[in-house]
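Undergrad: Have a look at the structure that comes next, please.
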Amino acid sequence: MAVHLAVVYYSATGNVHKLAEAVARGGAGRGAEVRLRRVPELAPDTAIDANPAWRAHVDATKDSVPEAMLEDLEWATAYAFGTPTRYGNVSAQLKQFIDTTGGLWQAGVFHNKPVTSFTSSLNRHGGQESTLLSLNNVFYHWGCIIVPLGYTDPLLFASGGNPYGTSWPSSGGEEPDQAVLEAADYQGRHLVQIAEQLRG
Ligand SMILES: Cc1cc2nc3c(=O)[nH]c(=O)nc-3n(C[C@H](O)[C@H](O)[C@H](O)COP(=O)(O)O)c2cc1C
C-alpha cells in the first residue's frame, strides 16, 4: 500500500501555501497518496480585508484546497505541517486545528508516524527555527517520529541550509524561489522514503 501523506498547513499570504504544494508534489513523486489540506481561517474579515494579499489568498484557495479534517490525520501514515512564523511561533490557525486532536492523541493515532515541518517568516532570522522547534513539541507528545532535513542532500545548501525544515524568508516580496521549492519537494520525497523504511 502507498504511503498516505497529509500535508496540512496555514498560510495567510501564500508563501507557506507554495511550500506546501511543493512538499505535496515531492511526496506524490515518490509514490505517496497525498492530501493537501489547509486549516480553517480564524481571523475576522476586517483583518483579512486590511491586507490585499491576505484577501487574495483566502479567495484563491477557499474552493481549490479542501479544509483539513481530523479524518485526514487518521487516514495519513505520514505528516508534513506548514505554518508562517508568528512572533517566532506557530500560527494560531494551525495551533487551533492541532488543539482539536485530543481524541486522536488518546486513541494513539499518531504513534510512530513520521512527521516533518516547514515555515516562512518575513526575516531570515525572524524565528524560522524556533517556529519549527515549537511544532516539534507537539510531535513529541503525539509520539511521532520527527524527520528533519539535516544536510541529507547537497541541494539543501542552495535553499539556505536549514536542517530543521524548509524555510523561506519572504522579505523580498517575491514568492518562494526555485531553490527553496526544490528543497520542499525534496522534503516531501524524503519523508515518504522514511515512511517506507519504517514500514519495512
Ligand atoms: C502577527 C504576525 C506575526 C509575525 N511574526 C513574525 C516574526 O516573528 N518574524 C518574522 O520574520 N516574520 C513574522 N511575520 C511575518 C510572516 O511570518 C511572513 O510574512 C510569512 O512569510 C507569511 O507566510 P504566508 O505568506 O504563508 O502567510 C509575522 C506576521 C504576522 C501577521
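We did not get these values from a lab; they are worked out from the coordinates using the rules stated. From a predicted model like this one, the values you see are computed outputs, not experimental measurements. Positions of Cβ are backbone-derived with ideal geometry, glycine not excepted, and every protein chain shown enters the neighbour counts.
Undergrad: Roughly how big is the stretch 86-198's charge dipole about its Cα centre, with Cβ charges of +1 (Lys, Arg) and -1 (Asp, Glu), in debye to the nearest 20? Please list the in-between numbers first.
TA: On the way: 5 positive and 9 negative charges, 80 e Å.
Here the stretch 86-198 has a charge dipole of around 380 debye.
Undergrad: To continue, here is another question. From the residues 170, 7, 154, which one has its Cα farthest along the dipole of the stretch 4-199 in the positive direction, the dipole being from +1 and -1 charges on Cβ of Lys/Arg and Asp/Glu about the Cα centre?
TA: About the Cα centre, the residue reaching furthest to the positive side is 154.
Undergrad: For the stretch 4-199, give me the percentage of DSSP beta bridges that are antiparallel, rounded to the nearest 5 percent. Write out the running numbers ahead of the final one.
TA: Numbers: 1 of 24 bridges.
The answer is about 5 percent antiparallel.
Undergrad: Projected onto the charge dipole of the chain (+1 at Lys/Arg Cβ, -1 at Asp/Glu Cβ, origin at the Cα centre), which of 60, 80, 112 gives the Cα projection farthest towards the positive end?
TA: 112
Undergrad: For residue 18, list the lysines whose Cα falls under 16 Å from its own Cα; do not include residues on the same chain fewer than 8 positions away.
TA: Of all the lysines, those that pass the test against residue 18 - Cα under 16 Å, at least 8 places apart if same chain - are 62.
Undergrad: Taking R0 as 22 Å, what FRET efficiency do you get between residue 175 and residue 51 from their Cβ-Cβ distance, rounded to the nearest 0.05?
TA: Numbers: r = 16 Å, r/R0 = 0.74.
E(calc), rounded to 0.05, equals 0.85.
Undergrad: Let me ask something else about it. Averaged over all directions, how much area does the convex hull of the C-alpha atoms of the chain cover when projected, in nm²?
TA: Working: hull surface 41.9 nm².
Seen from a random direction, the Cα hull of the chain projects 10.5 nm² on average.
Undergrad: Another one. Could you give the length gained on full extension between residue 141 and residue 104, defined as 0.36 nm per residue of separation minus the Cα-Cα distance, in nm?
TA: Details: separation 37, 0.36 × 37 = 13.32 nm, distance 1.18 nm.
Contour length minus Cα-Cα distance gives 12.1 nm.
Undergrad: Follow-up. Please give the length that would be gained between residue 96 and residue 43 if that part of the chain were fully extended, namely 0.36 nm times their separation in residues minus their C-alpha to C-alpha distance (nm, one decimal). Show your work: numbers first, answer last.
TA: On the way: separation 53, 0.36 × 53 = 19.08 nm, distance 1.19 nm.
17.9 nm is the gain from fully extending residue 96 to residue 43.
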